[in-house]
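Here is the structure we will look at, set down as structure tokens.
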Amino acid sequence: MNAFLILEDGHVFQGQHFGARKEVICEVVFNTSMTGYLEVLTDPSYQGQGVVMTYPLIGNYGVCLEDAESDRPWHSAFIVREISRTSSNFRRQQDLEEYLIEHDIPGISGVDTRAITKILREEGCMGGMITTNPDFKLDEILPKLQAYKVTDAVKTVTRNEKEYFKGDGFKVALLDLGTKNNIAHSLNKRGCDVTVYPAFTKAEEILKDQPDGIMLSNGPGDPKECTEIISEIQKLYQSDIPIFAICLGHQLMALATGADTKKMRWGHRGGNHPVKDLATGRVYISSQNHGYVIEEESIKEDVAEVSFINVNDKSVEGLDYKNKKIRTVQFHPEACPGPQDTAYLFDEFLDMMKGAKNA
């Protein structure tokens with residue numbers, strides 16, 4: 001069956017439908033990862049988005065649910081050059097298309113993903129529609145695409161109640177802003193006793209549980225929308241508890257301390273982004289997924305200093321907070337699959353908690 005991808009700038013791509021049969025409007029973004037399509041699909045940071053995979057063949061090793069980063073996929077749509085209709089993998093549990101149908105996610109294949117990606121890089125991420133209706137009326141659709149915006153994203157993806165990952169080490173409170181499973185697992189395998197809290201948990205409740213450290217997770221959407229959460233993070237900042245934050249958590253801590261964020265034209269999404277540690281000069285390859293970034297000129301000199309920058313565009317990739325045991329990064333040290341270069345940051349978080357306990 002034919003399907004159509006319509007972009008808000010008027011570009012139309014014809015391909016073949018796969019996955020759920022439904023019409024959907026979403027924000028169209030691209031991801032440059034060569035593997036890990038299931039982890040990309042199940043990353044809550046993609047809520048409300050249709051993802052273009054730049055790697056040309058997707059689905060060849062099927063779906064292994066053990067690799068999922070959450071209990072369901074969050075994409076609004078999946079856009080690929082070629083979908084593998086069969087899969088070969090001794091761990092495989094489902095074909096990719098079966099998985100998408102089960103979770104009501106439409107896809108389109110047979111489109112020129114390189115051309116789509118070039119458009120997004122030149123014009124920025126934009127609204128788009130996938131439809132199987134050949135009689136669509138462009139003049140009616142384009143205003144809807146131009147008006148589309150991802151809203152209430154964190155509220156949509158966060159859990160409703162606490163979850164525990166029992167350990168025999170430091171007690172860590174993980175605030176679920178749209179967390180990937182591997183953040184809790186990365187802490188847990190280092191012995192941490194992890195309690196995962198819903199995003200809108202009050203700071204008083206977290207502090208009352210007397211954690212040794214606090215983790216702010218990744219998540220979707222515009223960080224400036226999270227006004228309630230920012231207010232609670234301001235209270236967490238006032239405590240002396242060590243804090244480590246990733247991605248959206250990194251942005252929210254910056255907003256909570258007076259800095260500003262802005263939307264990027266196309267964002268950073270993929271497993272091959274180089275970041276530079278300004279303290280050592282060393283460059284690491286990182287996994288990233290974000291469409292917003294902290295404005296460097298808005299960071300108050302007496303509050304924080306930039307610790308990492310993106311080698312490609314010099315954007316802020318990390319902050320160390322002055323006179324606080326707080327470190328935040330824009331990239332994903334828990335990446336799975338992907339580069340493990342920066343996993344040592346979890347060990348440094350443990351050192352922060354050890355130092356606080358011995359102080």
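Only Lys, Arg, Asp and Glu carry charge here, each on its Cβ (+1 for the first two, -1 for the last two); on that basis the stretch 1-115 has a dipole of about 340 debye about its Cα centre. Any chance you could tell me what percent of the C-alpha pair distances in the stretch 295-359 go past 15 Å? Every Cα pair in the stretch 295-359 considered, those over 15 Å come to 60 percent. Take 275-284, 316-325 and order them by the average number of nearby Cβ atoms within 10 Å per residue, most first; the result is 316-325, 275-284. Charges were assigned to the Cβ only: +1 to each Lys and Arg, -1 to each Asp and Glu. The resulting dipole of the stretch 201-266 about its Cα centre is roughly 360 debye.
The Cα-based radius of gyration and maximum Cα-Cα distance (Dmax) for the stretch 168-297 are 15.0, 44 Å.
On a C-alpha basis, how far is the centre of the stretch 29-104 from the centre of the stretch 115-139 in Å? Whole number, if you could? Comparing the Cα centres of the stretch 29-104 and the stretch 115-139, I get a distance of 20 Å.
Only one residue of Val80, Ser70, Ala173 has its Cα farthest out toward the positive end of the dipole of the stretch 50-197, where Lys and Arg carry +1 and Asp and Glu -1 on Cβ, and that residue is Ala173. For a paramagnetic label modelled on Glu305 (point 7 Å from Cα along Cα→Cβ), amide N atoms under 18 Å away are absent within the stretch 341-359. Once you reduce the stretch 178-208 and the stretch 227-261 to the center of their Cα atoms, the two points are 15 Å from each other. Looking at the stretch 1-113, the accessible area is 39 square angstrom per residue; that uses a 1.4 Å probe and ignores ligands, DNA and RNA. For the stretch 244-359, the spread of Cα positions along the three principal axes, ordered from largest to smallest, is 43, 32, 24 Å.
Here Lys189 is the anchor, and the lysines within straight C-alpha reach of less than 24 Å, apart from those fewer than 8 places off in the same chain, are Lys162, Lys166, Lys171, Lys180, Lys325, Lys354, Lys357. Centroid-to-centroid, using Cα positions, the stretch 273-308 and the stretch 338-358 are 17 Å apart. Just so you know, the Cα atoms of the stretch 1-139 work out to an Rg and Dmax of 14.0, 48 Å. Mean residue ellipticity at 222 nm, helices only, the chain: -7000 deg cm²/dmol; runs of at least 4 DSSP H residues each add -39,500 (n - 2.57), and the sum is divided by the number of residues.
Annotation for Asp168 and Asp112: the two label points, set 7 Å from Cα along the Cα-Cβ direction, are 6.0 nm apart.
How large, in percent, is the carbon and sulfur part of the accessible surface of the stretch 1-130 at a probe radius of 1.4 Å?
Working: 2310 of 5220 Å².
Solvent-exposed carbon and sulfur of the stretch 1-130 make up 44 percent of the total.
Assuming 0.890 mPa s and 25 °C, estimate D for the chain with Stokes-Einstein, Rh taken as the Kirkwood radius over Cα pairs, in µm²/s. Value of D from the Cα-based Kirkwood radius: 118 µm²/s.
With all protein chains in place and a 1.4 Å probe, the accessible surface of the stretch 254-311 carries 47 percent carbon and sulfur.
Dipole magnitude for the stretch 231-333: computed about the Cα centre from +1 point charges on Lys and Arg Cβ and -1 point charges on Asp and Glu Cβ, it is near 280 debye.
For the stretch 264-276, backbone phi angles converted through the Karplus equation (6.51, -1.76, 1.60; θ = phi - 60°) give residue-by-residue couplings of 8, 5, 10, x, 10, 9, x, x, 9, 9, x, 10, 10 Hz, Gly and Pro being listed as x. Each Cα pair under 8 Å and six or more residues apart adds its separation to the average, and for the chain the resulting relative contact order is 15 percent.
Straight-distance candidates among the lysines for linking to Lys263, with alpha-carbon spacing under 19 Å and chain neighbours fewer than 8 residues away dropped: Lys118, Lys149, Lys224, Lys314. Looking at the stretch 120-234, the accessible area is 47 square angstrom per residue; that uses a 1.4 Å probe and ignores ligands, DNA and RNA. Calculated FRET efficiency, Arg21 to Glu122, Cβ-Cβ distance, R0 = 35 Å: about 0.65 to the nearest 0.05. Computed on the stretch 278-327, with alpha-carbon pairs under 8 angstrom and 6+ residues apart, the relative contact order is 29 percent. Along the charge dipole of the chain, Cβ charges K/R +1 and D/E -1, which of Gly107, Ile6, Val316 sits furthest on the positive end? The listed residue farthest towards the positive side: Val316.
3J(HN,Hα) along the stretch 282-299: 7, 10, 10, 8, 10, 9, 9, 7, 7, x, 10, 8, 6, 7, 4, 5, 8, 6 Hz, from the Karplus curve 6.51 cos²θ - 1.76 cosθ + 1.60 with θ = phi - 60°, whole Hz, x for Gly and Pro. Taking amide H as placed 1.01 Å from N in the peptide plane, Met264 has its amide H under 5 Å from the amide H of Tyr292, Val293, each at least 5 places away in sequence or on another chain.
The values are calculated or read from the model by the stated rules, or taken from the named source; none is laboratory data. Quick caveat: nothing in here was measured; it's all calculated off a predicted structure. So basically every Cβ, Gly included, is an ideal-geometry build from the backbone, and we count neighbours across all protein chains shown. Heavy atoms of the whole protein, side chains included, go into the accessibility calculation; ligands, DNA and RNA do not. Shrake-Rupley method; radii C 1.70, N 1.55, O 1.52, S 1.80 Å.
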